[in-house]
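Asks: Please read through the structure below; I'll follow up with questions.
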Amino acid sequence: MWALADALTDMEPGAEGTLLYPSGVAANSAGMLALLAPGDHLLMVDSAYEPTRAFVGGLLKRYGVETSFYDPLVGAGIAELIRPETKLIFLESPGSLTFEVQDIPAITAVAREKGVLTMLDNTWATPLLFPALARGVDVAMMSLTKYVGGHSDAMMGSLTATKAVWPKLRSAAYQLGQAVSPDDCAAVLRGLRTLDVRLARHQANALAVAEWLAGRPEVGRVLHPALAGDAGHDIWRRDFKGASGLFGFTLKGADEAGRTRFIEALDHFGIGFSWGGYESLVVPSNPAGIRTACPWTDPDPLLRLSIGLEDPADLIADLARGFAAMAG
Ligand SMILES: Cc1ncc(COP(=O)(O)O)c(C=O)c1O
């Protein structure tokens, strides 16, 4: 456990320490519980992972913390949303399902000036592609279940924090008593050793697939920040060292039945809600029913792909089969 926690701390410049939790969801909840108290106000990005939203609207609300959701593209405009009782700004970039890229340096600069803490779900990028604390974040969270573990055989989460925040997290972890098993730590540590080479392959494969999709007549939009022309491309280029393998795309003018035919025709892609493993996965997603601060208005059905380590030609052939099935 210590070996894994120390390695994650070493990977994150500016970090004092890392705590491990039984899942990414557990790390998120434990971090927010540690940093917030009844009467506090939390600013939560509208594109957050859905169970993160469920926690702030459920247990955290019962605990007396009020949450406001904000537009992921708010940037320095976050200043206008900060109240005297705002204690934490939660970020996730790119956003879950829709992949908006947040201007994290702008938000963390405002937060520091106003004495508000920031916590980032950095699962998509990991510190290898986005060194969160160096960009001004106080607490970097990861679901290690995804890229760091990398083999879809262990669940774990982490919080890596600055010296100023570390004692609060450490004390809350001691009180909550969420422990991880040595076997899971060994599995995640094994994954960590190949993270760098796997991420490079995830990036290359995902870009090959995304570029192919962008040229298909059946596709409305490809939501991938590393594609030139993506709304988040400029900020992604400025702040990130690369991209991983998770992105979305819409099926132009298709209906629910068409999306289902597309998914069911795929051989290589399993259907799965988790991601970041060596095998490619697809999942249908419906952000319109989740958002509150900035509605998702695109009527086309959306899909999320987690591109694995396979030969991209096989993946593209598989997706071509999906389009053929969709056409009926
Ligand atoms: C962005 C993001 N954060 C956190 C989690 C939760 O991680 P875990 O599955 O380890 O609880 C997920 C899982 O899908 C995720 O996509």
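The values are calculated or read from the model by the stated rules, or taken from the named source; none is laboratory data. Predicted, not measured: the structure shown is a model, and the values here were computed from it. As a convention, Cβ positions derive from the backbone with ideal geometry for all residues, glycine included, and neighbour counts pool all protein chains shown. Note: areas computed on protein heavy atoms with side chains; ligands, DNA, RNA excluded. Shrake-Rupley method; radii C 1.70, N 1.55, O 1.52, S 1.80 Å.
Asks: Tell me, please, whether a residue that is without any contact (Cβ under 8 Å) to a residue 60 or more places away in the chain and charged (D, E, K, R) can be found in region 279-300.
Replies: For region 279-300, residues without any contact (Cβ under 8 Å) to a residue 60 or more places away in the chain and charged (D, E, K, R): absent.
Asks: Further, regarding this structure: Take the conditions without any contact (Cβ under 8 Å) to a residue 12 or more places away in the chain and away from the ligand (no atom under 15 Å from the Cβ) and apply them to G229. Does it pass? First the steps, then the outcome.
Replies: On the way: without any contact (Cβ under 8 Å) to a residue 12 or more places away in the chain: yes; away from the ligand (no atom under 15 Å from the Cβ): yes.
Answer is yes for this residue.
Asks: Which of the residues belonging to region 311-327 are more than 18 Å from R221 (Cα to Cα) and touching a helix residue (DSSP H, G or I) at 6+ places or on another chain (Cβ under 7 Å)?
Replies: Within region 311-327, P312, L315, A325 meet the criteria.
Asks: Testing V139 on (1) closer than 22 Å to E100 by Cα; (2) of a type outside the set (G, A, S); (3) away from the ligand (no atom under 15 Å from the Cβ), one condition comes back false. Which one is that?
Replies: Tallying (1) closer than 22 Å to E100 by Cα; (2) of a type outside the set (G, A, S); (3) away from the ligand (no atom under 15 Å from the Cβ), V139 fails exactly one: (3).
Asks: Among L33, L59, which is the only one that is over 21 Å from the mean Cα position of the chain (by Cα), more than 15 Å from the ligand (Cβ to nearest atom) and surrounded by fewer than 23 Cβ atoms within 10 Å (Cβ to Cβ)? Spell out how you get there, then give the answer.
Replies: Details: L33 fails: over 21 Å from the mean Cα position of the chain (by Cα).
Result: L59 is the single residue among L33, L59 that is over 21 Å from the mean Cα position of the chain (by Cα), more than 15 Å from the ligand (Cβ to nearest atom) and surrounded by fewer than 23 Cβ atoms within 10 Å (Cβ to Cβ).
Asks: May I ask you to say which residue of V188, V180, V148, V139 is under 15 Å from L20 (Cβ atoms) and open to solvent by 20 Å² or more (accessible area, probe 1.4 Å)?
Replies: On the way: V188 fails: open to solvent by 20 Å² or more (accessible area, probe 1.4 Å); V148 fails: open to solvent by 20 Å² or more (accessible area, probe 1.4 Å); V139 fails: open to solvent by 20 Å² or more (accessible area, probe 1.4 Å).
When all the criteria are applied, what remains is V180.
Asks: Identify the single condition in (1) part of a loop (DSSP other than H, G, I, E, B); (2) within 16 Å of the ligand (Cβ to nearest atom); (3) not acidic (D, E) that R216 does not satisfy, given that it satisfies every other one.
Replies: All conditions are met except number (2).
Asks: Determine which member of the set L302, L315 is surrounded by 22 or more Cβ atoms within 10 Å (Cβ to Cβ) and either under 25 Å from M44 (Cβ atoms) or assigned by TED's automatic domain parsing to the domain that holds A154 (or both).
Replies: Working: L315 fails: either under 25 Å from M44 (Cβ atoms) or assigned by TED's automatic domain parsing to the domain that holds A154 (or both).
Only one candidate qualifies: L302.
Asks: I would also like to ask the following. Condition (residue is at pLDDT 95 or above and more than 24 Å from Y70 (Cβ to Cβ)) applied to region 105-126: is it met by at least one residue?
Replies: Step one: list which residues in region 105-126 are at pLDDT 95 or above, which gives 105-126.
Filter once more, keeping what is more than 24 Å from Y70 (Cβ to Cβ): 126.
There is at least one residue in region 105-126 that is at pLDDT 95 or above and more than 24 Å from Y70 (Cβ to Cβ).
Asks: Can you go through V180, V165 and tell me which one is within 15 Å of the ligand (Cβ to nearest atom) and of a type in the set (V, I, T)? If you could, list the steps in order and put the result at the bottom.
Replies: On the way: V165 fails: within 15 Å of the ligand (Cβ to nearest atom).
Among V180, V165, only V180 is within 15 Å of the ligand (Cβ to nearest atom) and of a type in the set (V, I, T).
Asks: Among the listed residues A173, A179, which satisfies the condition of being in a helix (DSSP H, G or I) and over 23 Å from V197 (Cα atoms)? If you could, list the steps in order and put the result at the bottom.
Replies: Numbers: A179 fails: in a helix (DSSP H, G or I).
Being in a helix (DSSP H, G or I) and over 23 Å from V197 (Cα atoms) holds for just one of A173, A179, which is A173.
Asks: Right, another one. Which one of these is open to solvent by less than 40 Å² (accessible area, probe 1.4 Å) and within 16 Å of the ligand (Cβ to nearest atom): I290, I263, I271, I307? Full working, then the answer.
Replies: Details: I290 fails: open to solvent by less than 40 Å² (accessible area, probe 1.4 Å); I263 fails: within 16 Å of the ligand (Cβ to nearest atom); I271 fails: open to solvent by less than 40 Å² (accessible area, probe 1.4 Å).
Unique residue meeting the criteria: I307.
Asks: Let me ask something else about it. Sort out which residues of region 95-123 are of a type outside the set (S, T, Y), open to solvent by 10 Å² or more (accessible area, probe 1.4 Å) and within 12 Å of the ligand (Cβ to nearest atom), and write them in order of number.
Replies: Hits for region 95-123 are L97, D121.
Asks: Report every pair of residues separated by at least 6 positions or lying on different chains whose Cβ atoms are under 6 Å apart, first residue within region 107-125 and in the same structural domain as P94 (by TED's automatic domain parsing), second of a type in the set (G, A, S) and within 16 Å of the ligand (Cβ to nearest atom).
Replies: Between residues of region 107-125 that are in the same structural domain as P94 (by TED's automatic domain parsing) and residues that are of a type in the set (G, A, S) and within 16 Å of the ligand (Cβ to nearest atom), the close pairs are M119/G31; L120/A132; L120/A140; N122/A132; N122/A140; T123/S143; W124/S244.
Asks: Looking for whichever is assigned by TED's automatic domain parsing to the domain that holds V282 and either at pLDDT 95 or above or surrounded by fewer than 16 Cβ atoms within 10 Å (Cβ to Cβ) (or both) here; the options are A172, A226, A154, A132. Which one fits? Even if it seems obvious, please write down each step before you answer.
Replies: On the way: A172 fails: assigned by TED's automatic domain parsing to the domain that holds V282; A154 fails: assigned by TED's automatic domain parsing to the domain that holds V282; A132 fails: assigned by TED's automatic domain parsing to the domain that holds V282.
A226 is the lone residue from the list that is assigned by TED's automatic domain parsing to the domain that holds V282 and either at pLDDT 95 or above or surrounded by fewer than 16 Cβ atoms within 10 Å (Cβ to Cβ) (or both).
Asks: Additional query: L8 - would you say it is buried (at least 16 other Cβ atoms within 10 Å of the Cβ), within 16 Å of the ligand (Cβ to nearest atom) and in contact (Cβ under 8 Å) with a residue 12 or more places away in the chain?
Replies: yes
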